[in-house]
1. Which of the trypsin sites (Lys or Arg not before Pro) found in the range 17-47 are loop residues per DSSP with 16 or fewer other Cβ atoms within 10 Å of their Cβ?
2. Ranked from highest to lowest mean number of other Cβ atoms within 10 Å per residue, what is the order of the peptides 77-83, 4-10?
3. GluC sites (Glu not before Pro), restricted to the range 307-390: which are DSSP loop and have at most 13 other Cβ atoms within 10 Å?
4. Which one, (1) 1.21; (2) 1.01; (3) 1.10, gives Rg/Rh (Cα atoms, Kirkwood Rh) as derived from the coordinates shown?
5. If the cut-off is a Cα-Cα distance under 15 Å, which aspartates and glutamates reach residue 29, setting aside same-chain residues fewer than 8 apart in sequence?
6. Enumerate the amide H contacts of residue 85 below 5 Å, restricted to partners 5 or more residues apart or on another chain; note that Pro and chain-start residues carry no placed amide H.
7. Positive end of the charge dipole of the chain (Lys, Arg +1 and Asp, Glu -1 on Cβ, about the Cα centre): tell me which of 114, 198, 263 has its Cα farthest that way.
8. Please give the calculated 222 nm ellipticity per residue for the chain, where each DSSP H segment of at least 4 residues contributes -39500 (n - 2.57) and the sum is spread over every residue; nearest 500 deg cm²/dmol?
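The values are calculated or read from the model by the stated rules, or taken from the named source; none is laboratory data. Computed from a predicted structure; not experimentally measured. Heads up, the Cβs are rebuilt from the backbone with ideal geometry, glycines too, and the neighbour counts pull from every protein chain shown. The protein model used for the area step is the full one, side chains on, heavy atoms only, and it has no ligands, DNA or RNA in it. Shrake-Rupley method; radii C 1.70, N 1.55, O 1.52, S 1.80 Å.
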Amino acid sequence: MSGTVFRLCPVGGYDIPALEIWLEKMAGKGLVFDCTAGPLTLFARQESAPLRFHLEPAHNKTDQEDPELTDLFRAAGWSYLGIFRKNFFVFATADRAAQAHTDPDVLDYAIRRFFKQKLLGGIGLAIVNFLLYKFLYPFSNAFSLSDLRYFWAEALADGPLPWLLALLGLLLVDLAYLLGLFTLWRLHRRSQKGLPLSPAPGRRLGGVLTSLSILPLALVTVEIVFVFFTHGYFPYDLADSNFVTMTEIEGPEFRPTGDIMFNMDYISHGDTPLTPEEWYYRQWESNRVFGSGGSLADIPHLEINITRYLLPAVAERRAWEWRSWGGHENYRALEPAHGLEEIWYYQSERNPDFYYLVLRKGGLVMRVEYEGSKDLTQFLPRFAEMLEAL
């Protein structure tokens, strides 16, 4: 029988008695402690053995065996197995009568020193909290509680999810750390009184909190690394995009502005693991109103916003939110066609040349703003073709 298996620790990482009991149970199942890798505990698969375990707090975080300590415990009948999360030297024995500590003062000293060490370690955790908060702080300004309540689908596209996941993960880690400190303080009090150590009440809570923190923090880490190396921005040329343009709608007589900010020759495209994929394009006519008191809104133009969501229900909500900008009563629903599941159409009464389209196909939702001389609904097949190609 051979092989290595890994497990998430189900108890608090500072609860020494609970950890010893867990390792003993695992040995009884034929899984003997080998080492740790981050939050994972690795076991060597062997024959089931009735072993007892002892975790000796390290003076400082370490990944190196202490030969003198190993010799001392070997003389008392214990075998050295490895290091648990750089905090504890792990010893095991099949001798039920073997003692790890015969002097209560020595045991209390080891626990008290370990408690002070971890208390100081909280400074490092506080720094990590601060740095991650500062790194993700811009995301927190991209939305408000009102946005999350009424426009949550749009808020997702603004990127608050990494910020929220980081807050959740750090909160769970902080709670596990504080619970661990309380556990160590309790162990110190018992050893100070010469009482036998025993697992703290609710000992599994620390392990649960630590395990629950892994997923959100892992996702945030992937997001940070991805954005760091790519910025999450992947524009591509308009020529190969199959996007509908103002020139296509208005015909060859359309004269686009020479300002590339308003006459884009590329498709703005953003995508990261934790934010919806987005596209943006716009094309405006050559400026005829600047300096004459006119408005940008009076210039013939086309703007296209597209967002892809994992769930069609979220895209449906985003379509509702986009329509709410102009008032839902102003939009008219058209019969689904061309593979589109939703078609919403709005034509301004004040300016009949001003249109909005909100289209949805599965998890893709698109908002089109247009001012021009053509009936925009005639181009529904082309917009549907655009979405199909994304």
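1. Numbers: sites: 25, 29, 45; in loops: 29.
Counting only loop positions with at most 16 other Cβ atoms within 10 Å, the trypsin sites (Lys or Arg not before Pro) in the range 17-47 are 29.
2. Details: 77-83: 18.1, 4-10: 14.6.
Taking the mean over residues of other Cβ atoms within 10 Å, the ranking is 77-83, 4-10.
3. Numbers: sites: 316, 321, 329, 341, 342, 349, 369, 371, 385, 388; in loops: 341, 349.
Taking the range 307-390 and a limit of 13 other Cβ atoms within 10 Å, the loop GluC sites (Glu not before Pro) found are 349.
4. (1)
5. Counting by Cα, and skipping residues close in sequence, residue 29 has these aspartates and glutamates nearby: 20, 47.
6. Excluding prolines and chain starts, which carry no amide H, the hits are 36.
7. Result: 198.
8. Here the helix-only value at 222 nm equals -13500 deg cm²/dmol.
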